[in-house]
Amino acid sequence: AITFEQGSFTSRTEERLVVDTLTQPPLMVVLYSDTTRANIPTDTLNVWPPYTTYTFDASGNPVDSTRVTADGSLLREAHFYYQTPYEILNRYELGRYITPYGIGLDLGEGWTWVYDVTDFLPLLRDSVHLTAGNFQELLDMKFIFIEGTPPRDVKSIRNLWQGNFLLKNFHERVQPISLPLDPGAAMFKVRTTVTGHDFNNPTNCAEFCPKIHTVSVNGQTVRQWQIMQECSSNPLYPQGGTWVYARSGWCPGMEGTTQEIEITPWVDGNEATVHYSSQYDEYGNYVMESQLVSYGAPNHQLDAAVENILIPSDYELHGRFNPYCGMPRIVIQNRGAEPLTSLDIRYGFRGTPPSVYRWTGRLDFLHKDTVDLPPLDYAELGAEHVFDVHVDAPNGGVDEYAYNDTQFSRFTPVPVLDEKLIVRFRTNNAPHENRWELRDAEGQLVLSRGNFSANTVYVDTLDLLPGCYELTLHDTGEDGISWWANNDGVGFIQLHTVEGGLWTTLNPDFGKFTSVSFRYSNLVSVEDVAEPVRGFDLYPNPANDHLTLRYEIAPDKRLHYELYNLLGERLLRGSERDAAGGVYLEIIPTTDLSPGKYIVVVAEGARVLRRMPVTIVR
């Protein structure tokens, strides 16, 4: 119930003095009395420092006071427990990670980043003090020690430049360092991790300014690079904030970029002068950690290794390209002193016969190559969903170290469809930034669409042969088709089935690109292709021992035929016809086919141009 009243009212202020008391809060004192474990608390006390109480009259004036004195005193003593065996001579940064922007971020059960800290092996012995400077996320850090022989032994490591350096006096503070070289070492490397921070200034330096960095040894330039790091392909997406913007040596939710610079060819004698420089700017600063690592000579002459499996894989950091059913992608590395020029790669799904690919090229010591392998038949992937890869016969010889020749990855198979898909793409206010492509298992372009108009829905039917496909939407603005920090508006890309159901919607906040893979397992039935077609003819129908296919080839077209049964199994495939145009006749032998109904397809690559039903009789 609500009652409304109105009228004229007169207000007045009454003053009243109230004398009250306040509780003196205690102080918490933590005691560390065990000098053998000086960083472990032994007790906690609630105490009050000396204070004065007052008595007031009715007017609020103090008329008396009483001093509350201390009952005792505590004296703080410094215990220097960082001595043997805890002595800290120097601080080393093992790795740098920039936490992601968390608004709307979902890490699921957690993500894993892996750092190779072999260069710090001389320090990771006995007892060491470890710390992580992140207090925003729950971190789980593990060290994995791999037994075996490394490509080369680490002899020593020492810090070069450390700290925060303003760009305006970078040259003055980051001076060349002359240092004696480890007499037991044969090879040397400079590691540098430099990330730029600060942007609220006239040049947005150092977070957003593209500066050239240079490392020189004994006056000779060894490496130059532009420090900006592309972030719009970050595997951890979408994030909150401005996660897509390129930054100086880092991206949110990624490791800080470490440059590893081999300097052995530039070293002469027992001493080296190393210099690091950056282009000048009045604003901003760099956070810098750098080391000189000294190594022995390579431990093997002939040693090839599987460094990584990128596709297929369930590893979170490879999620931009998985699940996928096209060409497997691996990284190989030469870990032997002899240049690697050839290699046998055996690969396949666990439980199935492996395929063999002969790689050729040239990799010097510790150099890597990303290899796309011929596609596998994902209809035969087995029940374990495990991909195995093994390298063998480097340069036609015997690999001297077998323990790095094999890797495996677990993966999730792509969805399998038995009906056509329809692409529904709605553009935003910046359609010139977008283009979508459809590629087959070998990476060949099947279909593409571009030249869109703004705020328009485009519908395309994917009429394809059975097989593996990947649909990718590109954005040259590197900010997706729906993002809070621009004025491009909102778009979407969806895949529907021909029956009208929504199959999937891709996240529009994707940065540079987004993709989805799938397999077509079947063709449409005879009833769906019974309509007459133009430019193609198939006779006789019904047929006995052969069919004649007549069709026209337009200029710059490569056409071929395929014959399928009603289960979608391909039984025959003709060679591609490549000509300037004209009418062609194909004789299709059918004597080995059982009587029944079949479908003949004329295709350009993987895209179906015509389907024609045919009946085989005897």
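The values are calculated or read from the model by the stated rules, or taken from the named source; none is laboratory data. Predicted model, so just to flag it, every value in this text is computed and none were measured. We place every Cβ from the backbone using ideal geometry, glycine too, and count neighbours over all the protein chains shown. Heads up: the accessible areas ignore ligands, DNA and RNA and are worked out on the full protein's heavy atoms, side chains in. Shrake-Rupley method; radii C 1.70, N 1.55, O 1.52, S 1.80 Å.
Values as computed for the structure displayed
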quantity	calculated
Scan of the stretch 27-48 for residues that are open to solvent by less than 90 Å² (accessible area, probe 1.4 Å) and part of a strand (DSSP E or B), ordered by number	29, 30, 31, 43, 44, 45, 47
Counted residues, the stretch 571-607 - those being touching a residue at least 40 places away in the same chain (Cβ under 8 Å), over 15 Å from residue 536 (Cα atoms) and surrounded by 15 or more Cβ atoms within 10 Å (Cβ to Cβ)	4
Residue check for residue 489: under 19 Å from the mean Cα position of the chain (by Cα) and modelled with pLDDT of 90 or more	no
Residue 514 being part of a strand (DSSP E or B), under 30 Å from residue 322 (Cβ atoms) and modelled with pLDDT of 85 or more	yes
Every pair of residues 6+ apart whose Cβ atoms lie under 8 Å, when the first sits in the stretch 5-29 and is under 24 Å from residue 43 (Cβ atoms) while the second is open to solvent by 100 Å² or more (accessible area, probe 1.4 Å) and in a loop (DSSP other than H, G, I, E, B)	24/48; 26/48; 27/48; 29/74
Some residue of the stretch 136-157 being open to solvent by 20 Å² or more (accessible area, probe 1.4 Å), among the aromatic types (Phe, Trp, Tyr) and either under 21 Å from residue 92 (Cβ atoms) or assigned to a strand (DSSP E or B) (or both)	yes
Selection within the stretch 387-444 - without any contact (Cβ under 8 Å) to a residue 60 or more places away in the chain, at positive phi and open to solvent by less than 30 Å² (accessible area, probe 1.4 Å)	393
The stretch 174-208: number of residues that are aliphatic (A, V, I, L, M), surrounded by fewer than 18 Cβ atoms within 10 Å (Cβ to Cβ) and under 34 Å from the mean Cα position of the chain (by Cα)	0
Within the stretch 101-135, considering residues that are open to solvent by 80 Å² or more (accessible area, probe 1.4 Å) and touching a residue at least 40 places away in the same chain (Cβ under 8 Å), the one nearest to residue 252 (Cα to Cα)	103
Scan of the stretch 258-295 for residues that are closer than 22 Å to residue 121 by Cβ and not in a strand (DSSP E or B), ordered by number	263, 264, 267
Residue 367 being open to solvent by 70 Å² or more (accessible area, probe 1.4 Å) and either at pLDDT 95 or above or closer than 30 Å to residue 254 by Cβ (or both)	yes
Boolean, residue 460 is modelled with pLDDT under 90 and surrounded by fewer than 18 Cβ atoms within 10 Å (Cβ to Cβ)	no
Within the stretch 476-493, tally of residues that are under 10 Å from residue 511 (Cα atoms) and touching a strand residue (DSSP E or B) at 6+ places or on another chain (Cβ under 6 Å)	1
Filter pass, residue 503 being modelled with pLDDT of 85 or more, open to solvent by 30 Å² or more (accessible area, probe 1.4 Å) and touching a Ser or Thr at 6+ places or on another chain (Cβ under 6 Å)	yes
Candidate set: the stretch 518-568, residues that are outside any strand (DSSP E or B) and at pLDDT 75 or above; chosen: the one least open to solvent (accessible area, probe 1.4 Å)	565
Of all residues making up the stretch 49-60, the number that are open to solvent by 100 Å² or more (accessible area, probe 1.4 Å) and hydrophobic (A, V, I, L, M, F, W, C)	0
Strands (runs of 3 or more DSSP E) contained entirely in the stretch 356-458, each with at least 1 residues that are over 26 Å from the mean Cα position of the chain (by Cα)	386-392, 421-426, 445-449
Qualifying positions in the stretch 234-271 - more than 20 Å from residue 217 (Cβ to Cβ), more than 16 Å from the chain's Cα centre (by Cα) and either among the polar types (S, T, N, Q) or modelled with pLDDT of 95 or more (or both)	242, 248
Residue match in the stretch 291-308 (condition: farther than 30 Å from residue 171 by Cα and of a type in the set (Val, Ile, Thr))	yes
Verdict on residue 450 being surrounded by fewer than 18 Cβ atoms within 10 Å (Cβ to Cβ), at pLDDT 90 or above and under 30 Å from residue 146 (Cα atoms)	no
Subset of the stretch 269-286 [at negative phi and open to solvent by 40 Å² or more (accessible area, probe 1.4 Å)]	270, 271, 273, 275, 279, 280, 282, 283
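Matching residues to (1) in contact (Cβ under 8 Å) with a residue 40 or more places away in the chain; (2) buried (at least 17 other Cβ atoms within 10 Å of the Cβ); (3) touching a strand residue (DSSP E or B) at 6+ places or on another chain (Cβ under 8 Å); (4) of a type in the set (Ser, Thr, Tyr):
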| residue | (1), (2), (3), (4) |
| --- | --- |
| 296 | yes, no, yes, no |
| 306 | yes, yes, yes, no |
| 314 | yes, no, yes, no |
| 333 | no, yes, yes, no |
